[in-house]
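Below you'll find the structure, written out as structure tokens, and then a few comments.
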């Protein structure tokens, strides 16, 4: 009996850790892609969970031992752990919407909304500029070592949030709503030059079409918008890099606030 109980307890502890770490890891866009097969994700999650088991604080294991380990209690605890991972995934997705919003504005300016392509990393339909900005954000995220902060926060959550102790309270819901407002404010602030330039180009082309009726505005509007859009992308590249780092810092800070 003394041999069976540690094995069952460690197995339950490993499952609980995988349920929590799975949300943290699969929320990260590099791992949550079709190019990274599911069996590889599960293997990576299993290896990280096994490596982190000795590093978990004793209080977390003691709290797990004091909970009801019947089937209903175990299923309820797993649901709570998955809920924590889904909340983290929601926060990460909201921050990625900043660059998707800017990319759609660029696509509307350059006429790429009708020429959408399949993103090979996510399997979704996006325009070229959106894919470019999202991939740039992922590169900045990796270069600035935010993915290491991601893993540190996942490990730190075991010392701050007990097994099955995560609760979505009204204050947390209000914080997420304020986060949505802040994220879309940043997105509109970054996309404002694109929107303003698109409006000015449309007004200028409309005036040209009224003044010179024989001027082929429709044929020349596409290369003009594409050329101006490329120049604007090159001009806004340092700003996009700055916003990428700022968004990464805010993402890590919000996840830290969630688990503390």
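The values are calculated or read from the model by the stated rules, or taken from the named source; none is laboratory data. Keep in mind the model is a prediction, meaning the values are calculated, not measured. Every residue, glycine among them, receives a Cβ derived from its backbone with ideal geometry; neighbour counts consider all protein chains shown.
Here are the numbers for the structure shown:
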read-out: Residue selected from the range 216-243 under the condition more than 25 Å from residue 187 (Cα to Cα) and in contact with a helix residue (DSSP H, G or I) (Cβ under 6 Å, 6 or more places away or on another chain), by the criterion modelled with the lowest pLDDT; value: 217
read-out: Condition met for residue 29 (modelled with pLDDT under 80 and either surrounded by fewer than 11 Cβ atoms within 10 Å (Cβ to Cβ) or within 27 Å of the chain's Cα centre (by Cα) (or both)); value: yes
read-out: Pair list, Cβ < 9 Å and 6+ apart or interchain, from the range 1-21 residues that are within 17 Å of residue 155 (Cβ to Cβ) to residues that are modelled with pLDDT under 60 and part of a loop (DSSP other than H, G, I, E, B); value: none
read-out: Selection within the range 229-260 - more than 20 Å from residue 141 (Cβ to Cβ) and crowded, with 17+ Cβ neighbours inside 10 Å; value: 229, 232
read-out: Output for the range 163-175, where each listed residue is surrounded by fewer than 18 Cβ atoms within 10 Å (Cβ to Cβ) and either in contact with a helix residue (DSSP H, G or I) (Cβ under 7 Å, 6 or more places away or on another chain) or within 24 Å of residue 13 (Cα to Cα) (or both); value: 165, 167, 168
read-out: In the range 128-144, the residues that are in a helix (DSSP H, G or I) and over 15 Å from the mean Cα position of the chain (by Cα); value: 128, 129, 132, 143
